[in-house]
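Quick one: structure below, then a few questions.
The values are calculated or read from the model by the stated rules, or taken from the named source; none is laboratory data. The model shown is predicted, which means the values in this text are computed figures rather than measured ones. So basically every Cβ, Gly included, is an ideal-geometry build from the backbone, and we count neighbours across all protein chains shown.
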Amino acid sequence: MSTTIEASRADTLVAAPATTSARAAEQVWPLYAVLFSSVSIVVGLIWDISWHRTIGRDTFWSPPHVLEQVAAIVAGASCGWLVLRTTFGGSPDQRAASVRFWGFRGPLGAWVCIWGTLMMVTSAPFDNWWHNAYGLDVKIISPPHMVLAWGMIAIQVGAMLMALARQNRASSEDQSRLSFLFAMSAGILLTMHATVIMEYAAFPNEMHSTRFYRVTAIGLPLILIATSRPSRLRWPATTTAAIYMTIMLLLMWTLQLFPAVPRLAPIYNPVTRMVPPPFPLLLIAPALAIDLLMRKLEGRNWLLALAAGLTFVAVMLAVHWWWAEFLLTPHARNVVFGADQWDYNAKLGSWRYRFWTAEQSVGDMARGIGIAALTAVVTSRIGLWIGSGMARVQR
Amino acid sequence: MRSLHRAALVAAIALVSSAHIGSPDVWFDGLAGPYKVLVHVEAPPVVPGIAVINIRIGEAGVSRVTAFVNHFDATGGAPPPDVASPIPGSTSWYRTRLWVMSAGSNSVTVSVSGARGEGTVVVPLVALPGRRLQFNGALAGVLSIAALVLALGLFTIVGATVREGVLPPGVEPDAQRRRRARFAMARAVVILAIVIVGGGAWWRAEDADFTRGLFRPLAVRVAVDTTAAQRRFQLAITDSVWVHRNDVAWLRARRATSATPLMEDHGKLVHLFLIATDGRSAFAHLHPSTADTVTFTSVLPDLPAGTYRVFADIVHQSGLTETLTSTVTLAGERHSATRDTTTDADDTWAIGQKGDSMRSVLADGTVLTWNRNPTPLVAGEEAGLRFAATPPAGDTASLEPFLGMAGHVVVVRDDGKVFIHLHPLGTISLAAQTRLTGNAPGVMVHAMNTALDPADSLYFPYAFPQPGKYTVWVQVKRHGRVLTGSFPAFVRPSSASDSTR
């Protein structure tokens with residue numbers, strides 16, 4: 001596999017000089033456009049969740065929805081333009097750096113973005129029917145919401161692939177900028193995943209339960225490792241985790257500044273400002289460990305997966321066990337840490353300051369953490385496999 | 001997050017009943033302080049869902065109309081009310097759309113501000129999931145095509161990724177790479193098939209969960225006891241949810257909500273209607289009594305032999321109204337007409353109704369006239385149930401209140417799929433309104449003050465919910481005697497009507 005990677009890089013170096021810097025500058029805006037879409041989607045999603053927790057009801061045209069719609073339109077339109085331009089007016093170099101799709105040509109990431117946009121568009125009438133059939137937003141995780149989520153994720157993956165292909169083909173002077181853009185796209189995807197699992201793995205009250213560690217062991221190590229392997233940054237996982245934490249912190253600090261009142265009854269918690277997401281997970285700690293391990297154990301994939309999986313869960317446990325205890329103290333109930341902020345219809349009680357669903361025995365705890373560790377090892381190995389594939393993406 | 005779980009749970013356990021049979025919308029005609037209002041609430045077909053609140057103000061000078069919804073047992077606060085906007089083209093109608101989040105008994109609080117100050121009225125709303133929507137038609141076709149395009153697109157992307165995505169620019173894929181691409185696409189087909197099968201199973205599970213939570217009336221058993229000197233009609237609520245309503249362990253095991261006890265409406269725990277299935281040949285409005293909270297009995301009047309539809313209106317202390325339904329076949333034997341001392345004094349019945357769609361002659365010679373518009377009745381449109389009672393020549397006695405109301409109307413479709421018991425204040429239960437308002441005296445004053453001049457029209461706000469053949473039964477009281485008239489009505493479908501209701 002490493003031979004193939006080296007061969008691909010060599011080909012890239014041969015092909016790169018043919019692309020003039022002027023032409024590269026001409027084409028860079030679609031990448032920024034899809035990155036804008038990618039970050040808008042996750043911001044819109046977190047804003048929308050905050051909207052439902054604070055105001056309660058919405059419409060198709062609520063501001064978070066509009067942001068997500070704009071994101072889909074920007075991604076679809078910019079990638080559609082890119083495909084048409086490449087197909088009908090592209091230079092030989094541009095056409096050479098594209099893939100075929102039903103007679104058209106375009107970058108791989110652009111096709112994924114277009115596909116994601118169509119998924120998002122398709123989800124709208126499906127979701128509308130679902131609401132008419134089964135009720136308004138009874139559950140977050142429903143079939144039409146999953147269609148929407150996969151559309152969103154596809155746009156984010158598409159943005160990542162566009163950044164990745166450019167990074168993999170880039171000359172040395174563009175390398176750091178494109179590597180950072182790739183890490184940015186990976187951080188956005190990480191934020192998206194952390195938001196999807198928020199119901200089970202975000203509130204400090206969950207952090208003494210093995211469910212928290214079992215849930216976080218599924219996708220987080222996979223994304224961190226898969227996006228670190230093709231990265232040209234020195235600390236790729238750490239950078240990705242830092243971008244995730246930065247996005248979450250900015251949203252957490254910003255949302256709670258805006259006045260808002262519930263618009264649905266019954267109101268058990270009369271909030272006066274937008275309810276922010278909880279403090280982000282301290283992913284920078286396991287990400288740092290992953291970066292160190294990936295350097296030490298490069299080329300030994302199975303050993304690396306074992307070490308990375310076990311280390312991920314161990315560091316998560318060590319960090320969040322104590323961090324959660326702090327977040328449940330009065331010292332965390334402020335703007336900086338954003339703790340103890342609940343939905344408008346939450347019946348406030350002492351449950352706010354307790355750990356929920358914590359295991360009752362050491363045996364149950366050990367079994368749960370063992371499952372989490374095993375899961376993390378498997379997903380780490382899958383992450384390495386995906387990452388190796390991503391390292392080869394050229395178009 | 002937790003609230004969404006709770007909302008899901010509430011929807012899943014769906015309470016035990018529905019307000020009326022096939023007629024979920026609410027009509028209320030009354031006063032909001034100094035203002036005469038007509039409120040029409042288009043009930044949400046699912047919960048959580050959107051209720052459309054239409055408010056007609058009977059005078060000018062109104063500056064602001066607002067409304068909000070709350071659940072009957074909400075100990076929390078209410079949201080700021082929504083401002084109802086004037087309906088374009090109308091000078092008196094206002095409209096707003098409100099989210100109803102909790103199944104069961106809810107209240108719609110309407111406030112009117114204007115030159116005569118501010119007035120508020122509470123209108124009960126029973127919101128329960130009552131129908132299952134089919135996924136078919138044009139939407140299913142369009143989404144199926146979209147799904148097909150997306151699936152083909154996904155396979156193409158997977159193939160393009162393996163075939164060309166990892167090749168340096170300008171390098172053409174060789175035969176081996178093309179084979180690998182086809183193999184990857186085949187794997188994608190298998191994976192997508194698994195996803196679709198899993199998604200379908202998930203959807204079916206969600207649908208089954210929803211269907212289990214749909215309204216089902218409390219199960220009842222009816223019987224006629226012929227062993228006594230007079231036949232007695234027996235109605236027993238046998239539904240396990242009702243029988244176990246105080247059994248916390250039983251309810252918890254089934255994730256069911258306890259039904260609140262019954263309360264009297266117009267002074268009666270149960271308003272029982274027996275209506276002959278052959279049309280207008282017989283009608284009885286009885287008020288069974290009970291020695292317990294499961295079985296209700298009433299002396300059976302001398303009704304002709306035949307099969308009867310049974311409708312029993314009850315009101316829970318939550319303000320939730322429901323109609324229990326069954327059928328009963330009566331044998332031909334007739335008994336003494338002597339009134340049993342245990343019979344409710346307000347029981348009444350009518351046999352062999354005569355009249356047409358405009359005019360019904362009552363037992364004392366009073367002529368009841370339906371002041372109908374010449375236009376056909378249309379489902380979903382205000383029906384204009386206005387009646388005038390013309391006494392026999394020389395009789396100048398006024399109408400008297402019957403059970404606290406100037407008149408009672410029962411609307412029943414010939415197939416029994418629509419049934420409702422109306423009063424001049426609309427479809428709502430006065431007891432439920434009193435419970436939800438917490439201001440019984442004011443409401444009762446309004447009810448008793450309804451004009452009782454027989455020359456005046458009796459108005460019952462209502463819209464036939466579905467097309468079909470109906471009978472409209474009207475009951476008024478004169479000289480201490482309850483008089484019953486009936487009118488056949490044919491209701492045409494509306495292009496805008498919702499046939500699923």
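Can you say whether residue B:229 is more than 11 Å from chain A (Cβ to nearest Cβ), at pLDDT below 95 and surrounded by 12 or more Cβ atoms within 10 Å (Cβ to Cβ), as far as the supplied structure shows?
Answer is no for this residue.
Could you tell me whether the range B:428-450 includes any residue that is surrounded by 15 or more Cβ atoms within 10 Å (Cβ to Cβ), assigned to a strand (DSSP E or B), at pLDDT 90 or above and not polar (S, T, N, Q)?
no
It is to be established whether one or more residues within the range B:122-129 are facing another protein chain (nearest Cβ under 9 Å) and either touching a helix residue (DSSP H, G or I) at 6+ places or on another chain (Cβ under 8 Å) or within 17 Å of residue B:64 (Cα to Cα) (or both).
yes
For the structure I just gave you, tell me whether residue B:223 is over 23 Å from residue B:105 (Cβ atoms), more than 14 Å from chain A (Cβ to nearest Cβ) and crowded, with 20+ Cβ neighbours inside 10 Å.
no
Let me ask something else. For the range B:154-166, indicate whether the set of residues that are facing another protein chain (nearest Cβ under 10 Å), modelled with pLDDT under 95 and assigned to a loop (DSSP other than H, G, I, E, B) is non-empty.
yes
Residue B:94 is checked against (1) aromatic (Phe, Trp, Tyr); (2) more than 9 Å from every other protein chain (Cβ to nearest Cβ); (3) surrounded by fewer than 20 Cβ atoms within 10 Å (Cβ to Cβ) and fails just one. What number does that condition carry?
(3)
Just checking, which of B:212, B:179 is modelled with pLDDT of 95 or more and of a type outside the set (Gly, Ala, Ser)?
Checking each option against the conditions leaves just B:179.
Another question about this same structure. For the range A:88-110, give me each residue that is under 18 Å from residue B:168 (Cα atoms), free of Cβ contacts under 8 Å to residues at least 60 places away in the same chain and either touching a His at 6+ places or on another chain (Cβ under 8 Å) or not in a loop (DSSP other than H, G, I, E, B) (or both).
A:92, A:95, A:100, A:101, A:105, A:106
Only one of (1) away from chain A (no Cβ under 14 Å); (2) assigned to a loop (DSSP other than H, G, I, E, B); (3) of a type outside the set (S, T, N, Q); (4) in contact (Cβ under 8 Å) with a residue 60 or more places away in the chain fails for residue B:60. Which number is that?
Among (1) away from chain A (no Cβ under 14 Å); (2) assigned to a loop (DSSP other than H, G, I, E, B); (3) of a type outside the set (S, T, N, Q); (4) in contact (Cβ under 8 Å) with a residue 60 or more places away in the chain, residue B:60 violates only (4).
OK, next. What is the one condition in (1) surrounded by fewer than 18 Cβ atoms within 10 Å (Cβ to Cβ); (2) assigned by TED's automatic domain parsing to the domain that holds residue B:81; (3) of a type in the set (Val, Ile, Thr) that residue B:123 does not satisfy?
(1)
Give just the number: which of (1) at pLDDT 95 or above; (2) within 11 Å of another protein chain (Cβ to nearest Cβ) does residue B:169 not satisfy?
With (1) at pLDDT 95 or above; (2) within 11 Å of another protein chain (Cβ to nearest Cβ) applied to residue B:169, the lone miss is (1).
Turning to a different aspect of this structure: Being in a helix (DSSP H, G or I), in the same structural domain as residue A:318 (by TED's automatic domain parsing) and closer than 28 Å to residue A:107 by Cα, is that true of even one residue in the range A:156-166?
No, there is no match, as no residue in the range A:156-166 is in a helix (DSSP H, G or I), in the same structural domain as residue A:318 (by TED's automatic domain parsing) and closer than 28 Å to residue A:107 by Cα.
Continuing with this model, one more query. From the list A:149, A:170, A:133, pick out the single residue that is within 14 Å of chain B (Cβ to nearest Cβ), under 21 Å from residue A:244 (Cα atoms) and at pLDDT below 95.
Among A:149, A:170, A:133, only A:149 is within 14 Å of chain B (Cβ to nearest Cβ), under 21 Å from residue A:244 (Cα atoms) and at pLDDT below 95.
Considering each of A:122, A:117, A:86 in turn, give the residue that is of a type outside the set (A, V, I, L, M), touching a Lys or Arg at 6+ places or on another chain (Cβ under 6 Å) and in the same structural domain as residue A:41 (by TED's automatic domain parsing).
That would be A:86, the only listed residue that is of a type outside the set (A, V, I, L, M), touching a Lys or Arg at 6+ places or on another chain (Cβ under 6 Å) and in the same structural domain as residue A:41 (by TED's automatic domain parsing).
Please state which of the following conditions residue A:20 fails to meet, knowing it meets all the rest: (1) at pLDDT 95 or above; (2) loosely packed, with under 15 Cβ neighbours inside 10 Å.
(1)
Among the listed residues B:147, B:140, which satisfies the condition of being among the aliphatic types (A, V, I, L, M) and either loosely packed, with under 15 Cβ neighbours inside 10 Å or part of a loop (DSSP other than H, G, I, E, B) (or both)?
Details: B:147 fails: either loosely packed, with under 15 Cβ neighbours inside 10 Å or part of a loop (DSSP other than H, G, I, E, B) (or both).
Just one listed residue meets the conditions, B:140.
Return the residue satisfying two criteria in turn: it lies in the range B:69-91 and is within 9 Å of chain A (Cβ to nearest Cβ) and not in a strand (DSSP E or B), and of such residues it is surrounded by the most Cβ atoms within 10 Å (Cβ to Cβ).
Here the residue is B:79.
Would you mention how many residues in the range B:91-143 are modelled with pLDDT of 90 or more and within 20 Å of residue B:38 (Cα to Cα)?
29
Also, I was wondering about something else. For the range B:255-262, does any single residue satisfy the condition of being among the charged types (D, E, K, R) and either out of contact with any Lys or Arg (no Cβ under 7 Å at 6 or more places or on another chain) or closer than 19 Å to residue B:321 by Cβ (or both)?
Yes, some residue in the range B:255-262 is among the charged types (D, E, K, R) and either out of contact with any Lys or Arg (no Cβ under 7 Å at 6 or more places or on another chain) or closer than 19 Å to residue B:321 by Cβ (or both).
So, in the range A:230-263, of the ones that are within 14 Å of chain B (Cβ to nearest Cβ) and surrounded by fewer than 24 Cβ atoms within 10 Å (Cβ to Cβ), which residue ends up nearest to residue B:101 (Cα to Cα)?
A:263
Exactly one condition in (1) at the interface with chain B (Cβ under 9 Å from one of its Cβ atoms); (2) modelled with pLDDT of 95 or more is not met by residue A:100; state its number.
Unmet condition: (2).
On to the next question. Would you be able to say whether some residue in the range B:320-340 is at pLDDT below 90 and β-branched (Val, Ile, Thr)?
Checked the range B:320-340: at least one residue is at pLDDT below 90 and β-branched (Val, Ile, Thr).
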